[in-house]
Amino acid sequence: MRTSTIITGTGSYIPPVVKYNREFFHNNFYTGSGDPIPDMPADIIEKFEKITGISQRRYACEDMNTSDLAYLAAKYAIEDAAIDPETLDYIIVAHNFGNVTKHTIQSDAVPSLASQVKNALGIRNPACIPYDLLFGCPGWVQGLIQADLYFKAAAARRCLVIGAETLSRVIDAHDRDSMIFSDGAGACIAEARETSSSQGILGTSVQSYSLDELQYINMGRSYYPGSDPGVRYIKMQGRKVYEFALKYVPMAISSCLEQSGVPIGDVRKIFIHQANEKMDEAIIKALYALYEMPYPENVMPMNIHELGNSSVATVPTLLDMVRKGVIPGHHLSAGDIIVLASVGAGMNINAVCYRM
C-alpha cells in the first residue's frame, strides 16, 4: 500500500455571457508604440482566429466576481466528490488579479479569495486553511502540486484546489491580444488515499525563468495614444511567449514523464493550458519530436475555440469537461495516464503526470 494523491471530484463554472469575434469589429487597435494598426478590424480578427483558434469566449455577468466563479466551481467539485466540505484541510485558490468589480480598475484580494470561498461554502472548521496562490497561468496545476506535497508530508488528507479568473476586467480594448482572454473557473477535490494500485499523481515538474523572461507577460498602460499611464492592463509579448513555450514546455513535460517512469507512448491525453491553438499544437508536436515519434491524433483535447484563454481556469475546466463527457471525441477511463501542463507569467512552467 502507498499514499497516493487522487482527484475524487471536479467542477467548473463557465460564465453565460458569450463574446463573439464579430463584436470586436468596432474596436480601434493600436501597436505597443501607439500607432494605429492599418488593417481593417475584420482582417485583424480573421488573422487572430486562424492563429489562436478562438471564435468566441465567455465573460462573467456584471454582478459576479472572480470569487463568485471560484465558489460555484468549488461547489460542483464538492458535489462530484460527495464529500463534507467541513473535512477540507486546505482551500487553495489560484488567480492573478483578485476581484475586479465591473466598471472599476482596482483589484481586491483582501480578504483572500480563498477565504471568501470558505465563507460562501459556509465552512466553520477553523482547521480548514484557505489561501491564494499567484503563479501565472500555471497556478491551478501548482496548487495541485502543493496539495500533493501536503499529502506526502502527512500534513493534510483532503484539499480543494481552484483556478478562477475574470480577465475581461483587466484587458485593453485597443490591444489585439485582448481578444484572447476570457473568464471562468475550475476546481478539483484532491485526497490522500491508501492504494495498492498506481492510481494518482505519478510525478511532477516545475520550472521558473525570471531573468530576461520576466516581462514577457506583465502589466502596462493602454495602447491608445494619450491614455492614462496610471491605469494598467495585462500585456503580452506574444512572439517571445510563443518561442519560450515552444523551447521549454516540451522539456518540462519530458522531465515529468521521466520522473514518473512513464513512456510517452503510454500517455492517453495531454491537458495543456489553453493559451493559443497554434502554440499548443506546436508544443505537443515538439514534445513527441523529442522521442522521434509522430504527434498522435486525439491526444490533446481543447476548449479554447469556444471559451478562450481563462488563464488558471483553462486546465481544470478542460479536465472537468472531458471527465464528464462534454467534449466530443474525448473521454477518460480508469487506468488512463494523462498529463496536466501549463506555462505563463513569471515565466513559470509546470506539469503533472496522473493515472486515472
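Taking Cβ atoms as reference points and 13 Å as the exclusive limit, the residues near GLY163 contribute a net charge of -4, counting Lys and Arg as +1 and Asp and Glu as -1.
A cut-off under 11 angstrom between Cβ atoms defines the neighbours of PRO296, and their net charge, with Lys, Arg +1 and Asp, Glu -1, is +2. What separates the Cα centres of region 328-356 and region 112-141 is a distance of 22 Å.
Projecting the Cα positions of PRO250, GLN215, MET279 onto the charge dipole of the chain (unit charges on Cβ atoms of Lys, Arg, Asp and Glu, taken about the Cα centre) puts PRO250 furthest along the positive direction. A simple charge model with +1 on the Cβ of Lys and Arg, -1 on the Cβ of Asp and Glu and nothing else charged puts the dipole of region 200-355 at about 280 debye relative to its Cα centre.
In a reduced charge model with +1 at each Lys and Arg Cβ and -1 at each Asp and Glu Cβ, region 2-195 shows a dipole moment near 460 debye about its Cα centre.
Only the Cβ atoms of Lys and Arg (+1) and of Asp and Glu (-1) were treated as charged; on that basis the dipole of the chain about its Cα centre amounts to roughly 380 debye. Site pair SER210 and ARG157 shows an inter-label distance of 3.5 nm when each label is modelled 7 Å from Cα along Cα→Cβ. Divide the volume of the convex hull around the Cα atoms of the chain by the residue count and you get 134 Å³ per residue. For region 2-195, build the charge dipole from Cβ charges (+1 Lys, Arg; -1 Asp, Glu) around the Cα centre, then report which of LEU134, ILE105, VAL17 sits farthest towards its positive end. Selected residue: LEU134. When the chain is described by a simple charge dipole with +1 on each Lys and Arg Cβ and -1 on each Asp and Glu Cβ, the residue from TYR90, SER310, VAL352 located farthest towards its positive end is TYR90.
Annotation for region 194-227 versus region 35-89: alpha-carbon center distance of 17 Å. Judged by the gyration tensor of its Cα atoms, with axes a ≥ b ≥ c, region 200-355 is prolate; a/c meets the 1.5 cut and a/b is the larger of a/b and b/c. Only lysine pairs 8 or more places apart, or on different chains, with alpha-carbon atoms under 22 angstrom apart are counted in region 2-195, and they number 4.
Any read-out appearing in this document is the output of simple, stated calculations on the displayed coordinates, not a laboratory observation. Being a predicted model, the structure only gives us computed values, none of them experimental. Please note: Cβ atoms are built from the backbone with ideal geometry, for glycine as well, and neighbour counts cover all protein chains shown.
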